1. Consider Asp212 against the criteria (1) more than 25 Å from Arg253 (Cβ to Cβ); (2) touching a Gly at 6+ places or on another chain (Cβ under 6 Å): it satisfies all of them except one. Which criterion is unmet?
2. List the number of the failed condition for Leu217; all other conditions in (1) open to solvent by less than 60 Å² (accessible area, probe 1.4 Å); (2) farther than 17 Å from Phe152 by Cα hold.
3. Select from segment 245-258 the residues that are surrounded by fewer than 20 Cβ atoms within 10 Å (Cβ to Cβ) and closer than 17 Å to Gln187 by Cα and list them in ascending order.
4. If I ask for residues that are away from ligand 2 (no atom under 16 Å from the Cβ) and either part of a strand (DSSP E or B) or open to solvent by less than 60 Å² (accessible area, probe 1.4 Å) (or both), which ones from segment 158-167 would you list?
5. Just name the residue that is nearest to the chain's Cα centre (by Cα) out of those in segment 168-205 that are of a type in the set (A, V, I, L, M), buried (at least 24 other Cβ atoms within 10 Å of the Cβ) and assigned to a loop (DSSP other than H, G, I, E, B).
6. Could you please tell me which pairs satisfy a Cβ distance under 8 Å, a separation of 6+ or placement on different chains, a first residue in segment 62-88 that is within 18 Å of Glu155 (Cβ to Cβ), and a second residue that is charged (D, E, K, R) and away from ligand 1 (no atom under 15 Å from the Cβ)?
7. Do we find that Pro96 is under 23 Å from Phe152 (Cβ atoms), away from ligand 2 (no atom under 16 Å from the Cβ) and not in a helix (DSSP H, G or I) in this structure?
Amino acid sequence: MRILFLGDVVGRAGRNAVVEQLPRLRERYHLDFVVVNGENAAGGFGITEQILIELLDAGADVVTTGNHVFDQRETLIFIERYERLLRPINFPPGTPGKGAGLFKARTGAEILVVNVQGRVFMADLDDPFRAVERELEACALKTGADAILIDFHAEATSEKEAMGHFADGRATAVIGTHTHVPTADEQVLPKGTAYISDAGMCGDFDSILGMDKEEPLQRFLTRIPNARFAPSLGEATLCGVAVDVDDQTGLARAIAPLRLGGRLSQAEPAFWLEGA
Ligand SMILES: [Fe+2]
Ligand SMILES: [Fe+2]
C-alpha cells in the first residue's frame with residue numbers, strides 16, 4: 001500500500017498546487033491513501049468548509065490540522081459534521097471535533113490517522129505522548145488497524161524525534177508538520193516506523209513560512225506590526241512524503257520526500273515509479 005502525506009497547505013498558492021496536482025499524483029503513483037494538513041489553507045489561518053471540500057474533492061482522504069485549526073470561527077461548528085477533518089487530539093476535553101479516526105484506503109485497508117500537537121515552544125496542551133499511547137493501545141497495528149499514521153504538529157525537532165522513537169514499531173509513520181520547512185531526515189526507524197521531522201509546506205517558498213516576506217521581515221527589524229500577515233502568492237511547491245507500507249506487518253518499507261513545482265522542486269522519487 002502506498003500513502004502520500006502533504007504538509008501544511010498555505011493560502012491560495014498552496015491550495016492551487018494541491019487541487020491541480022493531487023488528482024494526477026493519485027493516478028500516477030497508484031496512491032491508496034492521502035492525508036493533507038490543511039491548517040493554513042484559508043489565507044494562512046485555519047480552514048473554511050468550502051476549502052475543506054476543495055481538498056477532499058482533489059483527493060485528500062483525511063485533512064489534518066494543528067494550532068491554527070480554529071482560526072476561522074466557522075470551523076468550531078462545521079468540524080463536527082466532517083469525519084475526515086481532524087484537529088490535534090490533545091486539545092482540552094470538550095473541544096469540538098476529533099483528533100483521530102479510522103478510515104478506509106482504496107485497497108479496503110483500515111487506516112488509523114492520529115493528529116497530535118507538541119508542547120515545546122507551543123501552547124501547553126495535554127501530554128502528546130500519553131495521547132498517542134492511548135490511541136495505540138485502543139487501536140493497535142494489525143489488530144485494530146492495517147496502518148497507523150501520526151501527524152505530529154510540533155515546533156521542536158527534539159520532541160518530534162522523541163515521538164518517532166516512542167511510536168517506532170507501533171505506527172506505520174510519524175510525520176512532522178507545523179514548521180513548514182521540509183527536513184532531510186526521512187528514514188525508516190529501526191523497528192519499522194517511517195519518520196520525517198517535517199514534511200514541509202504546500203506553499204510559495206519565496207516567502208517567510210509561506211507568508212509574504214515583507215511584513216514578517218519588518219517585524220523582526222522594528223518589532224512594530226504594520227499589517228496583517230498575508231500568504232505569498234507565487235507558484236507553490238507541493239511538499240510531502242510518500243510511504244510504502246508492508247501490507248503484512250503494517251510497518252513502513254520506505255519513505256521518500258516529494259517536492260513538486262515552485263522553488264524547491266526536485267526529481268520524483270525513484271521508488272515511486274516502480275510498477276507505475
Ligand atoms: Fe502550519
Ligand atoms: Fe502549525
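The values are calculated or read from the model by the stated rules, or taken from the named source; none is laboratory data. Everything numeric here is computed off the predicted structure, so don't read it as measured data. Heads up, the Cβs are rebuilt from the backbone with ideal geometry, glycines too, and the neighbour counts pull from every protein chain shown. Surface accessibility is based on the protein's heavy atoms, side chains included, excluding ligands, DNA and RNA. Shrake-Rupley method; radii C 1.70, N 1.55, O 1.52, S 1.80 Å.
1. Of (1) more than 25 Å from Arg253 (Cβ to Cβ); (2) touching a Gly at 6+ places or on another chain (Cβ under 6 Å), only one is false for Asp212: (2).
2. For Leu217, the failing item is (1).
3. Listed by number, the residues that qualify are Asp246, Arg253, Ala254, Ala256, Pro257.
4. Ala162, Gly164, Ala167
5. My answer is Ala199.
6. If the second residue must be charged (D, E, K, R) and away from ligand 1 (no atom under 15 Å from the Cβ), the pairs left are Arg87/Lys98.
7. yes
Yes or no, residue by residue, for (1) over 25 Å from Leu4 (Cα atoms); (2) not hydrophobic (A, V, I, L, M, F, W, C):
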site: Met201; (1), (2): no, no
site: Asp204; (1), (2): no, yes
site: Leu221; (1), (2): yes, no
site: Ile224; (1), (2): yes, no
site: Asp244; (1), (2): no, yes
site: Gly250; (1), (2): no, yes
site: Gly262; (1), (2): no, yes
